[in-house]
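Rule-based calculations on the coordinates, nothing more; no lab input. Quantities reported herein were computed from a predicted structural model and do not represent experimental measurements. Neighbour counts are summed over all protein chains in view; Cβ atoms, including those assigned to glycine, are modelled from backbone coordinates with ideal geometry.
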Amino acid sequence: MDYSGGEDQIQASDGQVPPSYNEDLLQKTILVGDSGVGKTSLLVQFDQGKFIPGSFSATVGIGFTVMLLGDTSVGKTCFVIQYKDGAFLSGTFLPTVGIDFRNKVVTVDDVKVKLQIWDTAGQERFRSVTHAYYRDAEALLLLYDITNRTSFDNIRAWLTEISEYAQKDVVIMLLGNKCDMNHERIIRPEDGENLAKEYGVPFMETSAKTGVNVDLAFLAVAKELKQRAGRHPNQPAFQIHEYIEAQKKKNSCCAFV
């Protein structure tokens, strides 16, 4: 079960290392306009270089931004790919450069919700780039590698950055990734659980390779965000910790602690 250099990495199409990244050139562009004018087709044309005929469903009106954080090689990119495409990409990859974006529409309590997922670079040299996006993220999935002590020890530093740059009420979830590699485990489940309790955040172990708890991680934060967005004053708050624990008991997996 070799992760071959880390799943939070993305491979250049020509197999070459990309040039040095200029963080000053990173910009956002937002497409606006009436429904049906072709915003989605324009984006597909830009992204894929082709026009896809047929009818598109209207872009979902309710949406949230989820950012993945953690050291390089903990599996962030493969975690996103497993969630979006249900696939695991093995092989040698180049580190994610700066930040990458993917979208997925999910059904949460019979309501369509669009998740914009930001996959970030774990290297220190890109940290100033990701800092600029913290404040726009509504949920943060913070990953470490259960076979890598350093990635776990660095979680406190990541949480310090989150407290400095992110929204005060941002949803945070701690994830111990690569639980399929139990034979190489260095970090015990209870280590992750205790750290999560210390910071008051939910915790799960996951596997980007087998898909264990990947959907659950995103669904839990989507439920939390949707409930926050539409909750009436007298409506009880969604309890993300209780929801996760209840879902764990329904299934069996390497992540249950």
(message) List the residues, sorted by chain then number, that are 5 or more residues from Val74 or on another chain and whose placed amide H is less than 5 Å from its amide H.
(response) Asp8
(message) Can you give me the distance in nm between label points at Ile62 and Phe238, each placed 7 Å from the Cα along the Cα-to-Cβ direction?
(response) 0.8
(message) Below 11 angstrom from the Cβ of Val105, what's the summed charge of the other residues (Lys, Arg +1; Asp, Glu -1)?
(response) +4
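Within 10 Å, count the other beta carbons around each residue, average over each peptide in 198-204, 244-250, and list them highest first.
Details: 198-204: 17.6, 244-250: 13.0.
Most protected by this proxy first, the peptides run 198-204, 244-250.
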(request) Treating each Cα of region 63-250 as an identical point scatterer and ignoring solvent, apply the Debye formula and state log10 I(q)/I(0) at q = 0.12, 0.14, 0.15 Å⁻¹. (result) -0.54, -0.74, -0.87
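With 10 angstrom as the radius, rank Thr147, Thr107 by how many other C-beta atoms surround their C-beta, starting from the fewest. Don't jump to the answer; show the numbers that get you there.
Values: Thr147 21, Thr107 10.
Fewest to most other Cβ atoms nearby, the residues stand as Thr107, Thr147.
Please label the shape of region 147-257 as rounded, prolate or oblate, based on the square roots a ≥ b ≥ c of the eigenvalues of the alpha-carbon gyration tensor (a/c under 1.5 means rounded; beyond that, a/b larger than b/c means prolate, else oblate). All intermediate terms of the calculation are to be shown ahead of the outcome.
On the way: a/c = 2.27, a/b = 1.35, b/c = 1.68.
It is oblate, given that a/c is not under 1.5 and a/b is not larger than b/c.
Can you pick out the pairs among Lys112/Lys197; Lys112/Lys178; Lys168/Lys209; Lys168/Lys250; Lys168/Lys249; Lys114/Lys178 whose Cα atoms lie more than 28 Å from each other?
On the way: Lys112/Lys197 31 Å; Lys112/Lys178 30 Å; Lys168/Lys209 32 Å; Lys168/Lys250 32 Å; Lys168/Lys249 31 Å; Lys114/Lys178 26 Å.
The pairs that break the limit, which is 28 Å between Cα atoms, are Lys112/Lys197; Lys112/Lys178; Lys168/Lys209; Lys168/Lys250; Lys168/Lys249.
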(request) Enumerate the residues in region 201-244 having an amide nitrogen under 20 Å from the point lying 7 Å beyond the Cα of Phe101 toward its Cβ. (result) 222
(request) Measure off 7 Å from each Cα along the Cα-to-Cβ vector at Glu184 and Lys168, then give the distance between these two points in nanometres to one decimal. (result) 4.3
(message) Quick check for me: using +1 on Lys/Arg Cβ and -1 on Asp/Glu Cβ, what's the dipole size of region 63-250 about its Cα centre, in debye to the nearest 20?
(response) 380
(request) Taking only the C-alpha atoms, wrap a convex hull around region 109-203 and report its volume per residue in Å³ as a whole number. (result) 129
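Starting from 0.36 nm per residue, how many nanometres of slack lie between Lys197 and Glu161 once their C-alpha separation is accounted for?
Details: separation 36, 0.36 × 36 = 12.96 nm, distance 1.84 nm.
Stretched out fully, the Lys197 to Glu161 stretch lengthens by 11.1 nm.
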(message) Quick check on the exposure proxy: order Ser73, Ser163 from fewest to most C-beta atoms within 10 angstrom.
(response) Ser163, Ser73
